[in-house]
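Here's the structure we're looking at; comments come further down.
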Amino acid sequence: MGYGSNRKGRFHKKREPKEFSEEVIQIDRVTRVVKGGRKLRFRATVAIGNKKGKVGVGIGKSHEVTGAIQKAISKAKRNLIVVPLDGSTIPHDMKIKYKASKILLLPAGPGTGIIAGGPIRKVLELAGIKDILSKSFGTTNKLNNTKATFEALKQLRTTPGMLKKKVKEEAAAKAKKEQAKKPETKKPEAKTTEAKKPETKKPETKKPEAKKPEEKVETTKQ
């Protein structure tokens, strides 16, 4: 047994499941002119979400791509929002303008899917929306479209219909809990008494005895 044989078991640890899913939307090379030349850096745009109503968007810059992505993720975690969901879609339509991008979001029925493309689709998926219609007007800049989608989700509000549904669901959940807490009363099993039929004795029939033939003894005269 050498030292290297037990190394895996000693240092190997199971990875814990991540709380948020991450999507890299865009990575750009950015140059900044300073005295004496230009500085080259990378800019990463990242969206994160738990696919249950929480979503965030962040932008990070660094001299390396991995460093820019990590900075963007940490910023996105600080800018998380909770999106009000009406089942698998949004509660109402939303039209927003952010700089040169214009985005229209419309609620859709179950089974429609996410009708969107590019960065808009990624942000909606991470927010947990499964059925929605969308249209982007104006610019095709990924950064502006991502921020516009994030602002549109931020401005969504709960509707009176959603509140009624929540009240009904809570009442149904309480009723189920109360039924589960009640002890089940077992009903006594009713014994069925079967009426015994009187036994009928069959008359015994005597068989006639068969008579044995008489043996004749012959006497011989001397």
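Observations
- Share of carbon and sulfur in the accessible heavy-atom surface of region 46-150 [1.4 Å probe, %]: 53 percent
- Counting DSSP beta bridges with both ends in region 83-181, the antiparallel % (nearest 5): 85 percent
- Sorted largest first by accessible area at a 1.4 angstrom probe radius, with every protein chain in place, the residues Asp93, Asp28 fall in the order Asp93, Asp28.
- Spin-label model distance (nm) - Lys75 vs Lys174, 7 Å beyond Cα toward Cβ: 4.6 nm
- Residues Glu64, Glu151, Glu19 ordered from highest to lowest accessible area at a 1.4 Å probe: Glu19, Glu64, Glu151.
- Val33 paired with Lys18, simple spin-label distance in nm, labels 7 Å along Cα-to-beta-carbon: 3.8 nm
- Between amide H atoms placed 1.01 Å from N, distances below 5 Å from Gln26 occur with Thr45, all of them 5 or more places distant or on a separate chain.
- Distance (nanometres) between label positions extended 7 Å along Cα→Cβ at Met162 and Thr140: 3.3 nm
- Summed over the residues of region 30-161 and divided among them, the accessible surface reaches 53 Å² per residue at a probe radius of 1.4 Å.
The values are calculated or read from the model by the stated rules, or taken from the named source; none is laboratory data. As the structure is a prediction and not an experimental result, all values here were calculated from the model. Every residue, glycine among them, receives a Cβ derived from its backbone with ideal geometry; neighbour counts consider all protein chains shown. To get the accessible areas, we keep the full protein, side chains included, count just its heavy atoms, and leave off ligands, DNA and RNA. Shrake-Rupley method; radii C 1.70, N 1.55, O 1.52, S 1.80 Å.
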